[in-house]
Structure formats: structure tokens, C-alpha cells
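The values are calculated or read from the model by the stated rules, or taken from the named source; none is laboratory data. All of these numbers come straight from a predicted model, not from anything done at the bench. Cβ sites come from the backbone with ideal geometry, for glycine too, and all protein chains shown count toward neighbours. For the accessible areas, the whole protein counts, side chains as well, though only heavy atoms, and no ligand, DNA or RNA atoms are used. Shrake-Rupley method; radii C 1.70, N 1.55, O 1.52, S 1.80 Å.
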Amino acid sequence: MAVSAASPIVKNSKDMKFDVCLHGDSQNPCVISIVGTGASMNSMMPIVQGLAERNLFVINYNPRDVCGT
């Protein structure tokens with residue numbers, strides 16, 4: 001059975017926009033925070049700031065509405 005390749009969702013990844021906030025020094029070890037269903041980036045702020053204060057670089061990512069979903 002032949003499997004066809006899926007076509008790309010976007011033609012150029014430069015056109016994609018991501019909802020991220022960066023906290024802390026980018027030279028420090030990195031933690032990626034992915035906001036889950038029912039949460040907002042604002043509600044995660046105390047946790048994210050606490051991690052940054054502990055010498056971590058935090059990327060806070062909100063996947064909501066990514067790529068037109």
C-alpha cells in the first residue's frame with residue numbers, strides 16, 4: 001500500500017508567529033514552559049519569574065491558535 005506525503009501547512013516558516021515570552025538570562029540553562037488548556041501566560045507568571053530568579057532562562061510558550069488551529 002502506497003503512502004502519500006502530506007503537503008506542508010505553510011510554505012514559508014518565516015510567516016509563522018509564535019506567542020512566547022522570554023525571562024532571565026539566555027546564557028543560563030533553559031526551561032520551556034508550555035501553557036496548558038485552561039491556563040494563561042499571565043497565570044504562569046509567578047512560576048516563570050521564580051524559575052528566572054533561580055538562574056534559569058525560561059521560554060514561556062502559549063500554543064493557543066498556533067498555525068491557524
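Are any residues in segment 1-41 within 14 Å of PRO63 (Cα to Cα) and at pLDDT below 80, and if so, which ones? MET16, LYS17, PHE18, ASP19, VAL35, GLY36, THR37, GLY38, ALA39, SER40, MET41, listed by residue number. Filtered by the rule that a residue be open to solvent by 90 Å² or more (accessible area, probe 1.4 Å), in contact with a strand residue (DSSP E or B) (Cβ under 9 Å, 6 or more places away or on another chain) and free of Cβ contacts under 8 Å to residues at least 40 places away in the same chain, segment 17-40 gives LEU22, GLN27, ILE32, ILE34.
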